Amino acid sequence: MREAGEEMNTISMVLSAIIQVILLSVIPFIWWFLTARKKEHFFSWVGLKKPEIQGSRVKLIFLILIVSIVYIVLMLIVMTQLMDGTNTATTQFEGQGWGVVPSILIFAIIQTGLSEEIFFRGFLGKRLIHKFGFNVGNTIQAILFGMIHGIPFGLMTGNVLITILLILLPGSIGWIQGWMNEKRSSGSIIPSWSTHAIMNILSALSSAF
């Protein structure tokens, strides 16, 4: 029975992931169709392409791992010290152990990682950078990314400090991800997608175990 339940959870997670990717790709797709379909195919336009690494590939991989680990450590401190008992996106995996790992991978890599990177770095960030230049455009997308993550928890807890921290932490990571993509990876969102996936995998595993 437990195995059947885990299988159903995995199927449900796959469906949820597909739906979220589609939903967060609708606006980018419409924008691309109206403005750029004759110039570039959609996947390349949002950065879903092989990165051409500028500089050391090893240093970039190392940066991705360090950023991911530091972010998770800081987030765990915030969650345990300031938000104990507050439900988060990974609460659904709490205490479920190894059986939930396939669902965690789908959640982290596809449902949140891919969908959010397509929208924030692949669509929003690139359009803002094109319009305002890298520094301004990347900063705006990072602020919006931080607000999307922080404001809901601020409303949930009514705590100003939590709101600020949960805007600043994801926002800072969002800025670094935009920099990795645009300045070190020829506009590919693969580095930020990898970072996003690793962070979410670590966060979900810390809840599951």
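The values are calculated or read from the model by the stated rules, or taken from the named source; none is laboratory data. The structure displayed is predicted, hence computed values, not measured ones. No Cβ is skipped: glycine too gets one built from the backbone with ideal geometry, and neighbour counts run over all protein chains shown. These accessible areas exclude ligands, DNA and RNA; they are computed on the full protein's heavy atoms, side chains included. Shrake-Rupley method; radii C 1.70, N 1.55, O 1.52, S 1.80 Å.
Structure above, values below:
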{"item": "Given [x] 52, 40, 36; [y] 67, 34, 27; [z] 43, 39, 30, the label whose value is Cα extents along the principal axes in Å derived from this model", "result": "[x]"}
{"item": "Over 22 Å (Cα to Cα) - which of LYS50/LYS131; LYS59/LYS183; LYS39/LYS126; LYS39/LYS131 fall in this group", "result": "LYS50/LYS131"}
{"item": "Euclidean distance between Cα centres, the range 28-77 to the range 120-191, Å", "result": "12 Å"}
{"item": "Within the chain, longest stretch free of exposed GluC sites (Glu not before Pro) [DSSP loop, at most 12 other beta carbons within 10 Å]", "result": "53-209"}
{"item": "Heavy-atom accessible area per residue - the chain, 1.4 Å, Å²", "result": "55 Å²"}
{"item": "Folded to 0 to 90 degrees: helix 57-82 orientation relative to the chain principal axis, Cα", "result": "40 degrees"}
{"item": "Where labels lie 7 Å past Cα in the beta-carbon direction, separation of THR91 and ILE148 in nm", "result": "2.1 nm"}
{"item": "Relative contact order (%) - the range 152-201, alpha-carbon pairs under 8 angstrom, separation at least six", "result": "20 percent"}
{"item": "The range 3-86: trypsin sites (Lys or Arg not before Pro) in DSSP loop, at most 13 other beta carbons within 10 Å", "result": "ARG37, LYS38, LYS39"}
{"item": "Segment LEU168-ILE11, extension gain: residue separation times 0.36 nm, minus the distance between their alpha carbons", "result": "53.1 nm"}
{"item": "Charge dipole (debye, nearest 20) of the chain; +1 at Cβ of Lys and Arg, -1 at Cβ of Asp and Glu", "result": "1060 debye"}
{"item": "Share of carbon and sulfur in the accessible heavy-atom surface of the chain [1.4 Å probe, %]", "result": "69 percent"}
